[in-house]
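Report on one structure; see the data block that follows.
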Amino acid sequence: MGCCCDEDDGDIFRQLINSNFSSSSSSTATATATATTVISPMNSHFSALSSTDILRLIFQNLPIPDLARASCVCRLWNSVASQREMLTRAFVAPWKLNHVIGDPLSGSFWRDNSLAKFAISHRISRGDTVASLAVKYAVQVMDIKRLNNMISDHGIYSRERLLIPISNPDILISRTCFIELDVYAKREVAVLYPNDVPDTRTTYVSNRISSEESNKKVVDSLKRSMHVDNETAQYYWSVSNGDPRAAFAEFSADLNWVNVFMNYCLFLALCCQLPEPLNGEW
């Protein structure tokens, strides 16, 4: 979560201490004499800010935005602020959730725990319409369409479920949500299911592999199949929404385009090398 500064932690600490001293350099002689007898809070407790245990106690009370900022201070702070236990605690605290299950594909998922990050999974049944679901869940039709990446109301008939925005935060109290990448909505959301039990028969949740090791295996396989370098394989994997067949199909389409383009260029080059026509004829 967040970024990690390139500077050494010790350099950052020394810079903060020096800045604290420089701020008092313009004081009068009397103030300076007084300052020598008073221990600055920054100096007296600064060593505590390099203690992992103390940082953990402090960070566990921070909301998500402040936790994200803390992760950008230095490597030590980033290592503490990025711990899964720390992230989960900060994510569920405002809404009094019980649990968050699943690992997000993107670390930026934890940077936002607003109400828009959550959704209710509604399995579509006969007679359901976007308008009827909006009335049932007390939300706007446009909000449902926006969350599910729908252009028209007819998109409901090609799906097994819809994600419903949450209008009442009390719904989240003492619930369990599941982090999912919806293939239709094309976004990661924290999903609530009836009785907190996910539907295992669904096909709308992406089967995209989330672990780094598994991702590397897929990229290596694509690299061997495409006969390309690692960066090219990673690009086609990233644009395929986690589907290796889609990645290879995209690569094949690009390769065909390149072949057609090269043949066209070759044709133009040959035409430029032909002799001049005699009497208007070749």
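The values are calculated or read from the model by the stated rules, or taken from the named source; none is laboratory data. Quick caveat: nothing in here was measured; it's all calculated off a predicted structure. Cβ placement follows ideal geometry from the backbone for every residue including glycine, while neighbour counts extend to all protein chains displayed. The area values use the complete protein model at the heavy-atom level, side chains included, leaving out ligands, DNA and RNA. Shrake-Rupley method; radii C 1.70, N 1.55, O 1.52, S 1.80 Å.
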For residue 199, solvent-accessible area (1.4 Å; no DNA, RNA or ligand), Å²: 40
Label-point separation in nm, residue 142 to residue 186, each point 7 Å along Cα→Cβ: 2.1
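So if R0 is 41 Å, what FRET efficiency would residue 88 and residue 263 give, r being the distance between their Cβ atoms, rounded to the nearest 0.05? The partial results should precede the final answer.
Numbers: r = 55 Å, r/R0 = 1.35.
Efficiency, from the Cβ-Cβ distance: 0.15.
Roughly how big is segment 112-199's charge dipole about its Cα centre, with Cβ charges of +1 (Lys, Arg) and -1 (Asp, Glu), in debye to the nearest 20?
Details: 11 positive and 11 negative charges, 40 e Å.
Using only the charged Cβ atoms, the result is roughly 200 debye.
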Sequence of 99, 122, 154, 227 when ordered by accessible area, the most exposed leading, probe 1.4 angstrom: 227, 154, 99, 122
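With all protein chains present and a 1.4 Å probe, how do 161, 126, 69 order by accessible area, largest first? Don't skip to the answer; put the middle values down first.
On the way: 161 5, 126 230, 69 150 Å².
Final ranking, largest accessible area leading: 126, 69, 161.
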Lysines whose Cα lies under 23 Å from that of residue 96, excluding same-chain neighbours fewer than 8 positions away: 117
Pair residue 231, residue 135: separation of 7 Å Cα→Cβ label points (nm): 5.7
Solvent-accessible area of residue 150 with every protein chain in place, 1.4 Å probe, in Å² to the nearest 10: 20
For a label point 7 Å along the Cα-to-beta-carbon line of residue 174, residues of segment 84-112 with backbone N under 16 Å: 95-99
